[in-house]
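Participant: Attaching a single structure in structure tokens format; questions to follow.
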Amino acid sequence: MAFDPQTLHGLPPQDFVALVKRTPDQEMAADFAGEHREAMLDSVFARFPQQFRPDKAGDRSARIDFRITGGPDGSSDTYAVVVENGECRIDKHPSVESDLSLTMGPPEFLKLVTGNGNPAMMFMMGKIKARGDVGLATGLATWFDSPS
């Protein structure tokens with residue numbers, strides 16, 4: 001298992017990027033379909049507030065839902081990245097309508113958040129599905145430091 005809660009918790013950003021880069025998609029999908037899925041997703045989403053750049057977001061507010069498919073028995077998990085008043089927080093069980101909703105499997109999600117994948121290509125190939133303010137997706141990457 002390449003991914004586990006102990007590995008992800010506290011893993012330096014550059015090591016996280018390298019781990020995603022060298023792990024085959026099938027292995028990422030299998031690891032994130034197992035019993036440690038929630039803890040691993042929590043660890044990955046915990047990185048968002050740390051990498052947030054309020055100077056790039058400016059006075060924009062946005063709620064972006066990330067629906068990660070590929071869970072046990074075909075389940076999915078949704079986390080919201082909420083940007084408002086110059087701060088970023090994670091809403092683990094979102095119940096408010098989002099400005100943008102992105103749906104993808106674990107490999108695509110991990111590649112997206114580490115800069116190891118081309119978001120436009122993944123979208124065009126149907127590996128990422130977007131609903132809502134798709135224009136928000138294009139500027140979103142600049143709101144966060146690249147973990148590399």
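Participant: Looking only at region 12-32, count every residue that is over 18 Å from Ile68 (Cβ atoms) and either modelled with pLDDT under 90 or part of a helix (DSSP H, G or I) (or both) and tell me the total.
Facilitator: Final tally of qualifying residues: 7.
Participant: Next question. With (1) within 25 Å of Ala29 (Cα to Cα); (2) at pLDDT below 95; (3) assigned to a loop (DSSP other than H, G, I, E, B) as the list, and Asp73 as the residue in question, which single condition is left unmet?
Facilitator: All conditions are met except number (3).
Participant: Taking region 104-128 only, how many residues are of a type in the set (Val, Ile, Thr) and free of Cβ contacts under 8 Å to residues at least 60 places away in the same chain?
Facilitator: Filtering region 104-128 down to residues of a type in the set (Val, Ile, Thr) leaves 113-114, 128.
Of the ones still in play, those that are also free of Cβ contacts under 8 Å to residues at least 60 places away in the same chain are 128.
Of the residues in that region, 1 qualify.
Participant: So Asp31 ticks every box in (1) exposed (fewer than 13 other Cβ atoms within 10 Å of the Cβ); (2) among the charged types (D, E, K, R); (3) within 16 Å of the chain's Cα centre (by Cα) but one. Which box is left unticked?
Facilitator: (1)
Participant: Between Arg67, Arg22, Arg63, which is touching an Asp or Glu at 6+ places or on another chain (Cβ under 7 Å) and not β-branched (Val, Ile, Thr)? Break it down into steps so the answer makes sense when it comes.
Facilitator: Working: Arg67 fails: touching an Asp or Glu at 6+ places or on another chain (Cβ under 7 Å); Arg22 fails: touching an Asp or Glu at 6+ places or on another chain (Cβ under 7 Å).
Result of the check over Arg67, Arg22, Arg63: Arg63.
Participant: Applying the selection to region 53-70, what residues are under 18 Å from the mean Cα position of the chain (by Cα), charged (D, E, K, R) and either modelled with pLDDT under 95 or not in a strand (DSSP E or B) (or both)?
Facilitator: Result: Arg53, single match.
Participant: Among (1) surrounded by fewer than 18 Cβ atoms within 10 Å (Cβ to Cβ); (2) under 22 Å from Ile128 (Cα atoms), where does Asp4 come up short?
Facilitator: Result: Asp4 fails condition (2) only.
Participant: Okay, moving on. Need the failing condition index for Glu35 against (1) in a loop (DSSP other than H, G, I, E, B); (2) under 19 Å from Pro94 (Cα atoms), just the number.
Facilitator: Every condition holds for Glu35 apart from (2).
Participant: Still on this model: Condition (residue is touching a residue at least 60 places away in the same chain (Cβ under 8 Å), of a type outside the set (S, T, N, Q) and within 29 Å of Ala18 (Cβ to Cβ)) applied to region 87-103: is it met by at least one residue? Give the steps one after another, and end with the answer.
Facilitator: First, pick out the residues of region 87-103 that are touching a residue at least 60 places away in the same chain (Cβ under 8 Å): none.
Scanning region 87-103, I find no residue that is touching a residue at least 60 places away in the same chain (Cβ under 8 Å), of a type outside the set (S, T, N, Q) and within 29 Å of Ala18 (Cβ to Cβ), so the answer is no.
Participant: Also, quick follow-up: Considering only region 34-57, I want to know if a residue exists there that is without any contact (Cβ under 8 Å) to a residue 40 or more places away in the chain, surrounded by 19 or more Cβ atoms within 10 Å (Cβ to Cβ) and among the hydrophobic types (A, V, I, L, M, F, W, C).
Facilitator: There is at least one residue in region 34-57 that is without any contact (Cβ under 8 Å) to a residue 40 or more places away in the chain, surrounded by 19 or more Cβ atoms within 10 Å (Cβ to Cβ) and among the hydrophobic types (A, V, I, L, M, F, W, C).
The values are calculated or read from the model by the stated rules, or taken from the named source; none is laboratory data. All figures in this text were calculated on a predicted structure; none of them were measured in a lab. Every residue, glycine among them, receives a Cβ derived from its backbone with ideal geometry; neighbour counts consider all protein chains shown.
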